[in-house]
Every structure is written in C-alpha cells, then in structure tokens.
Amino acid sequence: MTKLSQEERLTFYKSKEWRQTREVILKRDKFECQECKRNGKVTTGERLDVDHLLELEDYPELALEPTNLETKCVTCHNKKHKRFMKKENKWDDEKW
C-alpha cells in the first residue's frame with residue numbers, strides 16, 4: 001500500500017473533485033457536525049470540515065468514498081487529530 005505524500009494530499013484537497021464531493025457530504029449531513037450530534041449537541045456558527053474516517057494518507061482509494069467521509073466542526077476534527085490541544089497544567093494550584 002502506497003502512502004500519499006503531503007504534496008499529493010495538498011493537490012487532492014485543491015481538486016475540483018474534492019470540492020464537489022465535500023459540498024455533497026456537507027449537504028448530506030445537513031451542515032451539522034456528526035460527532036457533536038452523536039454526543040447530543042448541535043453545533044452552529046463554527047467552520048465545518050469534511051473528515052476522512054480512514055485517513056487519506058493511508059487509504060487514498062477511499063478519498064472520495066461517501067461512506068468514508070463525514071462532516072465535523074473544527075473543534076471535533078482537531079480533537080480527533082490531537083491538534084492544538086491545551087496541555088494540562090499539573091501545577092495549576094500554584095500561582096507563581
């Protein structure tokens with residue numbers, strides 16, 4: 001199995017096919033974060049991403065497969081990928 005390079009992924013995300021597929025998935029999911037929805041929450045007013053459930057880098061053959069795509073708010077998408085996570089301060093009782 002061949003992994004996609006970062007350059008190949010960037011090219012893919014700029015493609016007409018991706019932009020069209022992304023719009024279809026957003027409409028299918030009613031412009032709602034599916035992760036928030038599973039947790040009983042409705043997220044509005046936040047930018048939405050279309051997430052590859054099985055990562056594009058590892059599964060390029062599923063890049064445009066609707067069953068591998070779902071709408072996520074930026075917060076949930078970042079949590080999934082552990083991006084921009086606030087580090088816990090184990091000394092937060094200390095104020096010096």
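What follows draws every value from the coordinates through simple rules; no lab data is involved. On a predicted model such as this, the values are computed, not experimentally measured, just so you know. Cβ coordinates were reconstructed from backbone atoms using ideal geometry, including for glycine residues, and neighbour counts include every protein chain displayed.
Determine Rg/Rh for the stretch 6-80; Rg is computed over alpha-carbon atoms and Rh is the Kirkwood hydrodynamic estimate from the same atoms.
Values: Rg = 12.2 Å, Rh = 12.7 Å.
In the stretch 6-80, Rg relative to Rh is 0.96.
Under the rule of -39500 (n - 2.57) per DSSP H run of 4 or more residues, summed and divided by the residues of the chain, what mean residue ellipticity at 222 nm is obtained, to the nearest 500 deg cm²/dmol?
That calculation yields -9500 deg cm²/dmol at 222 nm.
Test of understanding: what is the full-extension gain from S5 to R28, defined as 0.36 nm times their sequence separation minus their Cα-Cα distance?
5.4 nm
Taking 0.36 nm per residue of separation and subtracting the Cα-Cα distance, what length does fully extending H81 through D58 add?
Values: separation 23, 0.36 × 23 = 8.28 nm, distance 1.43 nm.
Computed gain between H81 and D58 is 6.8 nm.
Using a 10 Å cut-off around each Cβ, can you sort C36, C76 from fewest to most neighbouring Cβ atoms? Each step should come with its number before you reach the end.
On the way: C36 18, C76 24.
Ascending number of Cβ neighbours within 10 Å: C36, C76.
Give me the dipole magnitude in Debye, nearest 20, for the chain about the Cα centre, with unit charges on the beta carbon: positive for Lys and Arg, negative for Asp and Glu.
The calculation lands at about 340 debye.
Positive end of the charge dipole of the stretch 6-80 (Lys, Arg +1 and Asp, Glu -1 on Cβ, about the Cα centre): tell me which of L69, F12, C33 has its Cα farthest that way.
C33
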